[in-house]
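Okay, structure first, notes after.
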Amino acid sequence: MAAKNELNLNAAQQNGADYSGKRFSVISIANGSHLTDCDFRGIHATKGCLGAGKRPSVFTGCVFDGGTLKGDGLDPGRATFVSCSFLDVRLSHLTFMDAEFVDCVFSGTLESVTFSADPWARDAELGRTVNRYEGNDFSAARLRDVDFRGGIDLGLQRLPEGDDYLVVRDAAAVLKAAVREIETWADASEREEALSTIDTLEFDLQGGQRDLFMDAAFVTDGLPPEAAGKLLAVLRRS
């Protein structure tokens, strides 16, 4: 029998369940569970899996507002989130490699989080070749070291704006132009640092991204102000 501070659901069908304010030692949603309009407001979970087993578990209209979901011990797994609310949340150190998000809204802080439209190879067994990312609103969230990979269409998401962020459209062409400009810089150490940043960005292009989203601080890290300004300027031309 599960401990009181564990949540274990296996092939469950739940509508309107209230788990608000719980601090779970382990949370496991598994094997095609379907949760509709469930309340997870203020939960705290750092161990377990939100989509365990071979069949995806689906959260529809669920509310995670004010919650904390932290990786290292928590695996998003094969979870599909549809029209879910993640307002004033703290999501950290999570890698969504097999999850999907459709029409979800976020605010609060997302830190060291990776979203991917490209499933792990094992998901080919399920017939899924793409993780859906459509209609999500991140515009009110603070994104720190958040990566969109594997072909996520950034045009189908609302992203935060402002000087702290950078969206590079048609990134392949923009990065080529950036390399040409960087190679004209006189300072060798600045050239090396800037080209290293470009190499890192190109990794996501090779993984299927057309457009890139990033912290401006990632671009400027390790560069003196003048060189940082030049690099930001060429990337913002997209």
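The values are calculated or read from the model by the stated rules, or taken from the named source; none is laboratory data. What you see is a predicted model; the values in this text were computed from it and never measured. For neighbour counting, all protein chains shown are included, and Cβ atoms are generated from backbone atoms with ideal geometry for every residue, glycine included. Surface accessibility is based on the protein's heavy atoms, side chains included, excluding ligands, DNA and RNA. Shrake-Rupley method; radii C 1.70, N 1.55, O 1.52, S 1.80 Å.
Helix 171-182 and the longest principal axis of the Cα set of the chain meet at an angle near 40°. Each Lys and Arg contributes +1 and each Asp and Glu -1, all at the Cβ; summed about the Cα centre of segment 122-182, the dipole is approximately 160 debye.
Along its three principal directions, the equivalent ellipsoid of segment 1-106 from the Cα gyration tensor extends over semi-axes of 16, 16, 15 Å, largest first.
Tell me, what % of the accessible area of the chain is carbon and sulfur with a 1.4 angstrom probe?
47 percent
Percent of alpha carbon pairs in segment 62-116 separated by more than 13 Å?
When every Cα pair of segment 62-116 is considered, 59 percent fall beyond 13 Å.
Considering only the Cα atoms of segment 127-238, their convex hull presents on average a projected area of 7.2 nm². Magnitude of the charge dipole for the chain, about its Cα centre and with charges confined to Cβ atoms of Lys, Arg (+1) and Asp, Glu (-1), is about 840 debye. Helix 225-235 and the longest principal axis of the C-alpha atoms of the chain enclose an angle of approximately 70°.
Dipole size of segment 22-104 about its Cα centre, with +1 on Lys/Arg Cβ and -1 on Asp/Glu Cβ: approximately 320 debye, rounded to the nearest 20. The residue among GLY155, PHE203, VAL219 whose Cα reaches farthest toward the positive pole of the charge dipole of segment 152-233, with charges on the beta-carbon of Lys, Arg, Asp and Glu, is GLY155. With the charge dipole of segment 52-94 set up from +1 on Lys and Arg Cβ and -1 on Asp and Glu Cβ about the Cα centre, the Cα lying farthest toward the positive end among the listed residues ALA79, VAL63, LEU91 is that of ALA79.
Here P(r) over Cα pairs in 10 Å bins from 0, in percent was calculated from the structure, and among [x] 7, 24, 30, 22, 11, 5, 1, 0; [y] 7, 30, 33, 22, 8, 0; [z] 8, 31, 30, 18, 10, 3, 0 it sits at label [z]. The residues of segment 1-159 have, on average, 44 Å² of accessible surface per residue, using a 1.4 Å probe with all protein chains present.
Pairs of lysines in the chain whose Cα atoms sit within less than 23 Å of one another amount to 8, provided the residues are eight or more positions apart or on different chains.
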